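Read through the structure below, which is laid out as structure tokens, and then see the notes.
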Amino acid sequence: MVPVPAEQPTQKPVTVRRRWTEHGLVFIAPFFLTYALFLLWPLVSGIGMSLRSDNITGEGGEFVGFDNYTEAFRDPHVWSSLGNTIWFTVLSTVPLVVTGLVLALLSHHLRFVQWLWRLSWFAPFLLPSGVIGLLFLWVIFPSDFGFADQLLAWFGLHPGIGWLTDERYAMLSIVAATVWWTVGFNFLLYLAALQSIPRHLYEAAELDGAGAWQRLRHVTLPLLKRTTGVVLVLQILASLKIFDQVYIMTGGGPDDSTRPILQYVYQSGFTGYRIGYASAVSYLFFALIVIVSLVQLRFSRRSGESA
Amino acid sequence: MSALLSTDEGRKVRWTPGRRVMLAAALLLAVVWVLPLAWALATSFKPEGEATRTPLRWLGSHFTFDAYRKVWEAGDIGRWMFNTAYISVMTTILTVLLCAMAAYGFSRTEFRGRKALYAVVLAGIMVPPQVLMAPLFAEMVQLGLVDTYWGVILPQVAVPAMVFILVKFFDGVPRELEEAAFVDGAGRWRVFWTIVMPLSRPVLAAVGIFTFISTWNNFLWPFLVTTDPGGMTLPVGLVNVQTSYGLRYEQMMASVVIAGLPLLIVFALFQRQIVRGVAHTGLAGQ
């Protein structure tokens, strides 16, 4: 884009200058009203709710101060579901970032039937989480006649693994399904970044006698640092918000071993009817997300300075 | 399709051993990614009861559309698809319109409090809608919007990240383009519609398609705010009735195919814009 100087000392007639300043609020009002009503207001009213013992309609409760918060801190379900959420984030982030990078490198360097790679790796990302959940619940992961067991059977194994019903495998199965489903997004981010690397850098490296591996290590990967930062943060924030796949595939089981924090919020508020308590738990979770975002901001500023 | 190929089309590819290994790896990974979908598709064409017969085969004893017919007759799939399409189209139009107007206001107009207001909008990028589910639902009850289309649509249309992306874009549009129109007597609204919006078509298409995809696929909010089966979206409806088919695997997969197909078609049609959209929404934060 053409850079525009911030303040142009214009000698334009007054009427033109006035036109720049009028109507500003009219343009912003429709957005801001919706924003205030459906984001700012619930954000504020949620704090009020978290201090009350309200039921699901927000009526009939009384002011209880910080009781909901102290209860949440002592609630083992909060800690276990928070632990599950963090464990899922740890398990899923690395394969999602690394696989995304590998897929992007392959498709970028092959420069060949790009549409085929895009279609096969990105298409799952377009499917609704409900569809993904049902696909893996009913067809891929059932024991004995599921596709996953069948795949192993073709290699002479017949394990009858309880992919989603055995505590040892349930979380790993959800991670595998999630990697398959969402890696396409990271793949595209990396692909876009790769395509913006100027070709002459590679040509220069080649003239200096750098082989393919050295070009990857010393040209491509350093230039992808920023993108990796962005992908990593987006991925961590997305993984922390996990709900859909778990709810559909395991319902949080077996024995709550996969239940994420958002599902616990849902259960306390919408099936347990304690919406005040659910709000308090949400705000604790929100605090976690804000901390992650701030740490990232700090981190990206520092790496931005050194770059 | 040729437009989708990389820029190096026409250049002769040298098949060095390294490239052969890469191609083999890419093909293997492509197969791994396609297999689950292929399996779902194959299962949906099997006769009833054959999906669980071991050892499993790709094809049933004969090819049949029975599962599709039964799903269509048994469920509200047509209704849910209409709901999802209506909600997604309305959400996309409103999101693009409101966010583009707001971004234009922030980028191009002056009024008291503009900077403070923009700071409030930017801060909202950090708020994940999921943490608001309890207070937002309580608000919906009070407003009487539970089980209505607007109850699903309205909380999704004011997206602060999108305003941020569009402000960055509008900041780069030269003011001279608009000044000429002002001198000719055009008003701000008219300049916005006839100059700025057409200029921004690529970025608007990218964010629009991206909004459409995420609205179509959204699960948690429609799941919370609709209780009446007639008002459900496709993802929510499918999950809601998953047991009422009596665990017919073929029918489950037929409904999975029906629900997944529309967006795959959208992708095939708008590949370029979607790719650009992902890059925009993901990287503009840099």
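For region B:58-127, state the average projected area of the convex hull of the C-alpha atoms over all orientations, rounded to one decimal in nm².
Taking a quarter of the hull surface, the average projection is 9.1 nm².
Per residue, what volume in Å³ does the Cα convex hull of chain A take up?
It comes to 229 Å³ per residue, whole-number rounded.
Can you give the convex hull volume of the alpha carbon atoms of region B:165-286 per residue, in Å³?
151 Å³
Hey, with R₀ at 56 Å, roughly what FRET efficiency would B:Arg53 and B:Met197 work out to, going by the Cβ-Cβ distance, to 0.05?
Rounded to the nearest 0.05, the efficiency is 0.45.
If R0 is 60 Å, what FRET efficiency do you get for A:Trp41 and B:His62 from their C-beta distance, rounded to 0.05?
0.55
Just subtract the alpha-carbon distance of B:Val141 and B:Glu176 from 0.36 nm times their residue separation and send over the number in nm, one decimal.
7.7 nm
Under a 1.4 angstrom probe, counting protein chains only, how are A:Leu33, A:Leu96 ranked by accessible area, largest first?
I get A:Leu33, A:Leu96, largest accessible area first.
Given the rule -39500 (n - 2.57) for each run of at least 4 DSSP H residues, summed and divided by the residues of chain B, what is its mean residue ellipticity at 222 nm, to the nearest 500 deg cm²/dmol?
So the helix-based figure for chain B works out to -20500 deg cm²/dmol.
Under a crude label model (7 Å from the Cα following the beta-carbon direction), how far is B:Ile265 from A:Phe155 in nanometres?
3.8 nm
Just to compare against my own numbers: the Cα pair-distance distribution for region A:181-295, 10 Å bins, whole % per bin, please.
Computed distribution, short to long bins: 12, 27, 25, 16, 12, 7, 1.
Quote the Stokes-Einstein diffusion coefficient, in whole µm² s⁻¹, for region B:38-93, based on the Kirkwood radius over alpha carbon pairs, a temperature of 4 °C and a viscosity of 1.567 mPa s.
Estimated diffusion coefficient is 97 µm²/s.
When chain A is treated as a GNM, springs tying every alpha-carbon pair under 10 Å, which of A:Phe63, A:Phe243, A:Phe88 comes out with the largest mean-square fluctuation?
Evaluated over chain A, the most mobile residue of the options is A:Phe63.
Could you give the semi-axes, largest first, of the ellipsoid that matches region A:227-286, computed as the square roots of 5 times the alpha carbon gyration tensor eigenvalues and rounded to whole Å?
So the three semi-axes of region A:227-286 are 24, 16, 7 Å.
Separation between the A:Trp79 and A:Tyr202 pseudo-spin-labels, each 7 Å from Cα along Cα→Cβ, expressed in nm?
For the pair A:Trp79/A:Tyr202, the computed spacing is 5.3 nm.
Accessible area of B:Met90, 1.4 Å probe, to the nearest 10 Å²?
Here the residue's solvent-accessible area equals roughly 50 Å².
State the volume of the convex hull built on the alpha-carbon positions of the protein assembly as shown, expressed per residue in Å³ and rounded to an integer.
Residue-normalised Cα hull volume stands at 187 Å³.
If you rank B:Arg201, B:Arg108, A:Arg111 by how much accessible surface each has, with a 1.4 Å probe, what is the order from largest down?
Listed by decreasing accessible area, they come as B:Arg201, A:Arg111, B:Arg108.
Any idea what log10 I(q)/I(0) is at q = 0.08, 0.13, 0.14 Å⁻¹ for chain B, Debye with uniform C-alpha scatterers and no solvent?
So the normalised log intensities work out to -0.51, -1.07, -1.15.
Whenever you get a sec, compute what percent of the accessible area on chain A sits on carbon and sulfur atoms (1.4 Å probe).
In chain A, the share of accessible area belonging to carbon and sulfur is 65 percent.
What FRET efficiency do you get for A:Gln195 and A:Phe63 if R0 is 51 Å and r is their Cβ-Cβ distance, rounded to the nearest 0.05?
It comes to 0.35.
Given the options B:Gly231, B:Gly124, B:Gly144, state which has the largest fluctuation in a GNM of chain B using a 10 Å cut-off (strictly under) for Cα springs.
Between B:Gly231, B:Gly124, B:Gly144, it is B:Gly144 that shows the largest mean-square fluctuation.
Relative to the longest principal axis of chain B, what angle (0 to 90°, nearest 10) does the C-alpha long axis of helix B:17-44 take?
Helix B:17-44 sits roughly 70 degrees off the main axis of chain B.
Provide the buried accessible surface between chains A and B in square angstrom, both chains summed, 1.4 Å probe, rounded to the nearest 100.
9900 Å²
Quick one: how many lysine pairs in the protein assembly as shown have C-alpha atoms under 27 angstrom apart, if they're 8 or more apart or on different chains?
Total qualifying Lys-Lys pairs in the protein assembly as shown comes to 6.
Kindly list the residues of region A:248-272 that lie in the label zone of B:Thr227, defined by a backbone N under 18 Å from the point 7 Å along the Cα-to-C-beta vector.
A:266-272
What is the ratio of the Cα radius of gyration of region A:187-251 to 2.2 N^0.38 Å, with N the residue count, to two decimals?
Cα Rg divided by the expected 2.2 N^0.38 Å: 1.63.
Can you give the accessible area per residue of the protein assembly as shown, in Å², using a 1.4 Å probe?
I get 46 Å² per residue for the protein assembly as shown.
Note down the Stokes-Einstein diffusion coefficient of region B:106-179 in µm²/s, whole number, using a Kirkwood radius over alpha carbon pairs, 10 °C, and 1.306 mPa s.
Using the Kirkwood radius from Cα pairs, D works out to 107 µm²/s.
Quick one: grab Rg to one decimal and Dmax as a whole number for region A:107-183, Cα atoms only, in Å.
Gyration radius and largest Cα-Cα distance of region A:107-183: 14.8, 43 Å.
Taking all protein chains together and a probe of 1.4 Å, list B:Lys70, B:Lys46, B:Lys115 from the most accessible to the least accessible.
B:Lys115, B:Lys70, B:Lys46
The values are calculated or read from the model by the stated rules, or taken from the named source; none is laboratory data. As the structure is a computational prediction, the values presented were derived from the model and not from experiment. Backbone-built Cβ (ideal geometry, glycine too); neighbour counts: all protein chains shown. SASA here: full protein model, heavy atoms, side chains in, ligands and nucleic acids out. Shrake-Rupley method; radii C 1.70, N 1.55, O 1.52, S 1.80 Å.
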